[in-house]
Protein chains: 2
Amino acid sequence: MKVIEGGVCAAAGFYAGACHCGIRKSIKKNDLAVIASEVMCNAAATYTTNRVKASPLLLTKEHLADGMAKAVIVNSGNANACAPDGMENAKREAAAAAGFLGIDADDIVVASTGVIGQRLTVECIEEHVKDITMKQGIAGSEEAAWAIMTTDTQPKTVAVEFEADGHICHIGGICKGSGMIHPNMGTMLSFVTTDCAISSEMLEKALKQDVKKTYNRVTVDGDTSTNDMCVVLANGLAGNPQITEESAAYAAFAEALHFVNETLAKKIAADGEGATRLMTCTVKGAKDEATAEVLAKSICSSSLVKAAMFGADANWGRVLCAMGYSGAEFDIADVTVTFLSAAGQIVVYDHSVVLDFDEDLAKKILSEPDVEILVELAEGDGNVSCWGCDLTYDYVKINGDYRT
Amino acid sequence: MKVIEGGVCAAAGFYAGACHCGIRKSIKKNDLAVIASEVMCNAAATYTTNRVKASPLLLTKEHLADGMAKAVIVNSGNANACAPDGMENAKREAAAAAGFLGIDADDIVVASTGVIGQRLTVECIEEHVKDITMKQGIAGSEEAAWAIMTTDTQPKTVAVEFEADGHICHIGGICKGSGMIHPNMGTMLSFVTTDCAISSEMLEKALKQDVKKTYNRVTVDGDTSTNDMCVVLANGLAGNPQITEESAAYAAFAEALHFVNETLAKKIAADGEGATRLMTCTVKGAKDEATAEVLAKSICSSSLVKAAMFGADANWGRVLCAMGYSGAEFDIADVTVTFLSAAGQIVVYDHSVVLDFDEDLAKKILSEPDVEILVELAEGDGNVSCWGCDLTYDYVKINGDYRT
């Protein structure tokens, strides 16, 4: 497996492009993107668990019922959730993409992100989708990655090359994250494409399993959005024999998919609204993986831990506290807490004994942009990492006045 | 029932006092308080559900096993949780109070609040507890209320007078809240005293039921502390026949206790860390009370809703979103959302139809210090209010660097 350029257009036969159609009036940032494959794709998706689901998501579910899709249209600036004429406008958005690409509307994935509860001005999508120029490779991917951003500060993209049954395959993706991010599926928009030949069933299996270990282990603010979706399109142009069972080729595909998803998930955490640093919370030695996950998520979600990270404050008591109220079972008499980063590592609580530690070193370690909180238990082999970010003034600022 | 002065010393035979013993070195704020009754009390308490429990709380559980207590000692500045010599120091703190008051250490409730994981400097408690002058009425109550504050900005106190079997009784309390506040029992330190004669069993029953509808419906930041406890002491000096069953007198007592607890709970929410306003989230017409509570708590806990409140932004889409991911069942096709305050009220989402509303009026309503989000469903008679506060720059500031 090798990291390559090209993002969502790294795989053969995928194109992308974007334009400013005018959903966002205040700033002239592109707000409409299209990603398309030359040929029909097998497709799989996972969606938000929020009971309130946006219209485009409901429409996409219908379109993917046959496990096939050929393109994605996605707008930022308006979520088309709880909005007047929601389903009608999602259908019009799909029809606009279908007309532009000359394909069936049934083969279009529709996604939206932005403010909830306002009518989508679908007319400007219908008028301007034709302004898009579809491009190959990194150029197309970058355009789409920028267009789907809301309060994200940077585009999120990754791609790798891998081998399946002797054929070189490519898989890559783009995503957006930022606010309303919490581990409960979806938690963002993520579009992944591959030229690997794989059946819809195996694609869905690989995606469902992997989402649990990647996107669902990211939290920014505990709010699970109405619009989250992760879609994978596989067009088979790499020419490998189609993967239809759990073969070595499937394992190679699953590994590559995992790398792409984990990389995108971490980028979402690092670019959480207002974040100044990526916070990885790792729990090792819990009695099982489920316990490790509950503990790691609880630490990663704690407002007090997140605020302490912002202040580069080695407040390990809050880590213990967050473990304690998580609901998970663990032995409080044998807990070791270590803070790590590129600047070094420091044990602050050693087998449940409070240590006198070097506060200056701790501050230095916690001031890095990529910080890990490592909790070690001695009860089993449950090891899990979750990703989040610090809680900052800017989070409050961004969300105190988002609509206006 | 009539609101009166006197707080935790409103009931006959209760005294309180405080001193600066030196746990907090940086500022000379009182950090040690004692509350005591002239005569032995029946006692009941509820505690944090956090798996990590502070030593004073574990000791208090032991001391209250017989349903009796005579006094409370409480320090701020150090939680004595996950701390070296925790249990030993909690016992020394109890012994210090016992020596000062000339009573058994077994009859002492010990409570601590402050930073986790640092050794309690119990020596300064032992040395300075004798500096306390015990006072009656509002003077004693105010001293204790100030001494237990951490990042609270104001003392929290209330008292009422009620009648039980023809005898005038008094009940009142003090509490502290601020950070690490979330509905999951305890969620603060609260000390309530009454001169009403009531058995330990009935006292415990009344407290356990009421805590669910008061303190457990408050959230500030989703972090449930290691130290939370609510203690009620009843010394019987009002002279009423002891309440031993669910009589009319019990109902009067329960009503008065509820008023005290609800008032204190709302004061905790309003004075949440960094808060600029009290946010009441009310759900009416849910299919049952449990559903209403899950929905109201989810709205009240949402970082995005809380940040919108800070910005006085009528972002009702976030209210819907928080309901959607709460896990509760409700009909998304019939939801009405109204914002209310002293400045008026405005319906923004009417039976799931988006309304064009007056943004200026909405801003005015949401700029008040006491704001309510009312969600109306049409599925049953589940009605619940929860209390929280907005998420502000100051929350981040306070918690970014709490230890130093």
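The values are calculated or read from the model by the stated rules, or taken from the named source; none is laboratory data. Predicted model, so just to flag it, every value in this text is computed and none were measured. No Cβ is skipped: glycine too gets one built from the backbone with ideal geometry, and neighbour counts run over all protein chains shown. Quick note on the areas: whole protein, heavy atoms, side chains included, nothing else; ligands and nucleic acids left out. Shrake-Rupley method; radii C 1.70, N 1.55, O 1.52, S 1.80 Å.
Please find, within segment B:115-149, the residue that is farthest from the other protein chains (Cβ to nearest Cβ) out of those that are part of a loop (DSSP other than H, G, I, E, B) and open to solvent by less than 30 Å² (accessible area, probe 1.4 Å). Here the answer is B:I132.
Which members of segment A:13-47 meet the condition of being out of contact with any strand residue (DSSP E or B) (no Cβ under 7 Å at 6 or more places or on another chain) and either hydrophobic (A, V, I, L, M, F, W, C) or more than 15 Å from A:G77 (Cα to Cα) (or both)? Once the filter is applied, which keeps residues that are out of contact with any strand residue (DSSP E or B) (no Cβ under 7 Å at 6 or more places or on another chain) and either hydrophobic (A, V, I, L, M, F, W, C) or more than 15 Å from A:G77 (Cα to Cα) (or both), segment A:13-47 yields A:I27, A:E38, A:V39. Regarding B:H170, is this residue more than 14 Å from chain A (Cβ to nearest Cβ), outside any strand (DSSP E or B), open to solvent by 20 Å² or more (accessible area, probe 1.4 Å) and not hydrophobic (A, V, I, L, M, F, W, C)? Taking the combined requirement at face value, the residue does not satisfy it. It is to be established whether one or more residues within segment A:376-387 are buried (at least 16 other Cβ atoms within 10 Å of the Cβ), within 12 Å of chain B (Cβ to nearest Cβ) and either more than 26 Å from B:D390 (Cβ to Cβ) or within 25 Å of the chain's Cα centre (by Cα) (or both). The answer is no, given that none of the residues of segment A:376-387 is buried (at least 16 other Cβ atoms within 10 Å of the Cβ), within 12 Å of chain B (Cβ to nearest Cβ) and either more than 26 Å from B:D390 (Cβ to Cβ) or within 25 Å of the chain's Cα centre (by Cα) (or both). Of all residues in segment B:198-214, those that are touching a Gly at 6+ places or on another chain (Cβ under 7 Å) and open to solvent by less than 10 Å² (accessible area, probe 1.4 Å) total 0.
Looking at this structure, is A:D356 surrounded by fewer than 24 Cβ atoms within 10 Å (Cβ to Cβ) and within 8 Å of another protein chain (Cβ to nearest Cβ)? Spelling it out, it is not the case that A:D356 is surrounded by fewer than 24 Cβ atoms within 10 Å (Cβ to Cβ) and within 8 Å of another protein chain (Cβ to nearest Cβ). Return the pairs, sorted by first residue and then second, in which the second residue is open to solvent by 10 Å² or more (accessible area, probe 1.4 Å), the first residue lies in segment A:226-251 and is within 14 Å of chain B (Cβ to nearest Cβ), the beta carbons are less than 7 Å apart, and the residues are 6+ apart or on different chains. Matching pairs, first to second residue: A:T226/A:K53; A:T226/A:I116; A:N227/A:T113; A:D228/A:Y47; A:D228/A:M185.
Restricting A:T276, A:T219, A:T226, A:T244 to those that are at pLDDT 95 or above and either in contact with a helix residue (DSSP H, G or I) (Cβ under 6 Å, 6 or more places away or on another chain) or open to solvent by 10 Å² or more (accessible area, probe 1.4 Å) (or both) reduces the list to A:T244. Note on segment A:290-345: among residues that are charged (D, E, K, R) and buried (at least 20 other Cβ atoms within 10 Å of the Cβ), the one that is farthest from the other protein chains (Cβ to nearest Cβ) is A:E293.
For (1) in contact with a helix residue (DSSP H, G or I) (Cβ under 8 Å, 6 or more places away or on another chain); (2) over 28 Å from B:A322 (Cα atoms), each residue gets a yes or a no:
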site: A:T46; (1), (2): yes, no
site: A:A54; (1), (2): yes, no
site: A:L58; (1), (2): yes, no
site: A:H63; (1), (2): yes, no
site: A:A69; (1), (2): yes, yes
site: A:A79; (1), (2): yes, no
site: A:P84; (1), (2): no, no
site: A:D106; (1), (2): yes, yes
site: A:A111; (1), (2): yes, no
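Apart from one condition, A:V294 fits all of (1) closer than 21 Å to A:K213 by Cα; (2) touching a helix residue (DSSP H, G or I) at 6+ places or on another chain (Cβ under 8 Å); (3) among the aliphatic types (A, V, I, L, M); the exception is (2). Considered as a group, the residues in segment B:12-31 that are closer than 15 Å to B:V115 by Cα and buried (at least 21 other Cβ atoms within 10 Å of the Cβ) include one that is modelled with the lowest pLDDT, and that residue is B:I23. Taken together, the residues in segment B:50-69 that are open to solvent by 60 Å² or more (accessible area, probe 1.4 Å), outside any helix (DSSP H, G or I) and away from chain A (no Cβ under 12 Å) amount to 1.
Within segment A:181-190, can you find the residues that are open to solvent by less than 10 Å² (accessible area, probe 1.4 Å) and either in a loop (DSSP other than H, G, I, E, B) or at pLDDT 95 or above (or both)? Across segment A:181-190, the qualifying residues are A:I181, A:G186, A:T187, A:M188.
Condition check: at pLDDT 95 or above, part of a strand (DSSP E or B) and open to solvent by less than 10 Å² (accessible area, probe 1.4 Å). Does A:V72 satisfy that? It is true that A:V72 is at pLDDT 95 or above, part of a strand (DSSP E or B) and open to solvent by less than 10 Å² (accessible area, probe 1.4 Å). Look at segment A:75-102 and say how many of its residues are buried (at least 19 other Cβ atoms within 10 Å of the Cβ) and either within 14 Å of chain B (Cβ to nearest Cβ) or assigned to a strand (DSSP E or B) (or both). The number of residues fulfilling the criteria is 11.
Applying a threshold of 6 Å to beta carbon distances and a minimum spacing of six or more residues, or different chains, the list of pairs starting in segment B:339-350 at a residue that is over 15 Å from B:M309 (Cβ atoms) and ending at one that is open to solvent by less than 30 Å² (accessible area, probe 1.4 Å) reads B:G344/B:I365; B:Q345/B:T338; B:V347/B:T338; B:Y349/B:W316; B:Y349/B:V337; B:D350/B:T336.
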